[in-house]
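Report on one structure; see the data block that follows.
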Amino acid sequence: MCCWCCCLDCIHNIPPLNLLFLHFSPHSLSPSAASAGGGEEAAAAVAPMASISVPNPAPSPTEDAESIRKAVQGWGTDENALIEILGHRTAAQRAEIAVAYEGLYDETLLDRLHSELSGDFRSALMLWTMDPAARDAKLANEALKKKKGELRHIWVLVEVACASSPDHLVAVRKAYRAAYASSLEEDVASCSLFGDPLRRFLVRLVSSYRYLHDAVVGRGQALHGDDVVRIVGTRSKAQVAATLERYRQEHGKGIDEVLDGRRGDQLAAVLKAALWCLTSPEKHFAEVIRTSILGLGTDEEMLTRGIVSRAEVDMEKVKEEYKVRYNTTVTADVRGDTSGYYMNTLLTLVGPEK
């Protein structure tokens, strides 16, 4: 469970709108959205492979804020109304609602949700409502505070660094410093959970801004572990994808397959996750969701993160990958392992199966 009360004050110091639009690179939006100059069309833009549905036209931010206020006033909370409003709005629209709500009622939307809701439902809806960069900063900080450096916690850092655009990583680093008065790179470097060379690799990942570089892998040379670390930590996504394809052609199998065969090697597992996040994030997040529900009990933190972080990005691709790899659907597994308003929130974000 997330400890929200201890970090709400520092999250409030982050202006919601100035970081918001850095989450998506231009190519992740539809052509009309990428060229939109602002206003309602830009606010309502949904990435082509996102799974959320947004009404068109949507109510104004003020109308949504008033509807949310109505849902949380009185003797009981109208949880379904909160899901219906916030679960069907883009990040830009949610940010505008948050600004309108605070202006109207002199309290933040996150504070109100925290006081009205509880359990996994509260965690999921609050994570979804947050600015994406502030959300990832929070997730990274929590991962660094875990008592053990388990792979599922390291995945968070890899996802933040590799699964979105370079601009988003810059926004996350700014949000992290604003919220926690230290840099993400410094906190990763000083984290006692990781030993070298894993720690050096993670620092490189969260520090990297993936512009195209002139340097390329030497032709005809075998790819060793140090090469993989260097390439993943410094190359652009396009270069990584091209390198992986060349390796597959020359060696008859992918680097991820080689890494997957090194059981018990934590660095190899992290490298594989980084490669997937850079080139095929749907593979990684399908595994995140599946891992969260396997075994005894459900890892709600992991399940929530996997769905909330991709619903506006590529959840449709994640769902397709999930169905092919596991012969079931995300929807079916969410229904089987969750319940109540928490389940309804996740299913709203996952959207219908095709």
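The values are calculated or read from the model by the stated rules, or taken from the named source; none is laboratory data. What you see is a predicted model; the values in this text were computed from it and never measured. Cβ placement follows ideal geometry from the backbone for every residue including glycine, while neighbour counts extend to all protein chains displayed. For accessibility, only protein heavy atoms count, side chains too; no ligands or nucleic acids. Shrake-Rupley method; radii C 1.70, N 1.55, O 1.52, S 1.80 Å.
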message: Give the residue list of GluC sites (Glu not before Pro) in the stretch 47-121 that are DSSP loop and have at most 15 other beta-carbon atoms within 10 angstrom.
response: 107
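How do 167, 64, 106 rank by accessible surface area computed with a 1.4 Å probe, from largest to smallest?
Ranked list, largest accessible area first: 106, 167, 64.
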- request: Heavy atoms only, probe 1.4 angstrom, no DNA, RNA or ligands counted: give me 127, 104 ranked by accessible area, highest first.
  value: 104, 127
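For residue 85, what is the net charge nearby, where nearby means another residue's Cβ is under 14 Å from its Cβ and Lys, Arg count +1, Asp, Glu -1? Kindly include the intermediate steps, with their values, before the conclusion.
Numbers: positive: 69, 70, 89, 94, 112; negative: 63, 64, 66, 78, 79, 84, 96, 116.
Overall, the nearby charge balance is -3.
Between residue 339 and residue 118, 0.36 nm times their residue separation minus their Cα-Cα distance comes to what?
Values: separation 221, 0.36 × 221 = 79.56 nm, distance 1.37 nm.
The span from residue 339 to residue 118 would gain 78.2 nm if fully extended.
From the Cα gyration tensor of the stretch 281-353, with a ≥ b ≥ c the square roots of its eigenvalues, which class applies: rounded if a/c is under 1.5, or else prolate if a/b is larger than b/c, or else oblate? Walk me through the numbers on the way to the answer.
Numbers: a/c = 1.40, a/b = 1.16, b/c = 1.21.
The shape class here is rounded.
Over 31 Å between Cα atoms: which of 138/283; 70/147; 145/354 fall into that group?
70/147; 145/354
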query: residue 325 to residue 170: extension gain in nm, 0.36 nm per residue of separation minus the Cα-Cα distance?
result: 52.5 nm
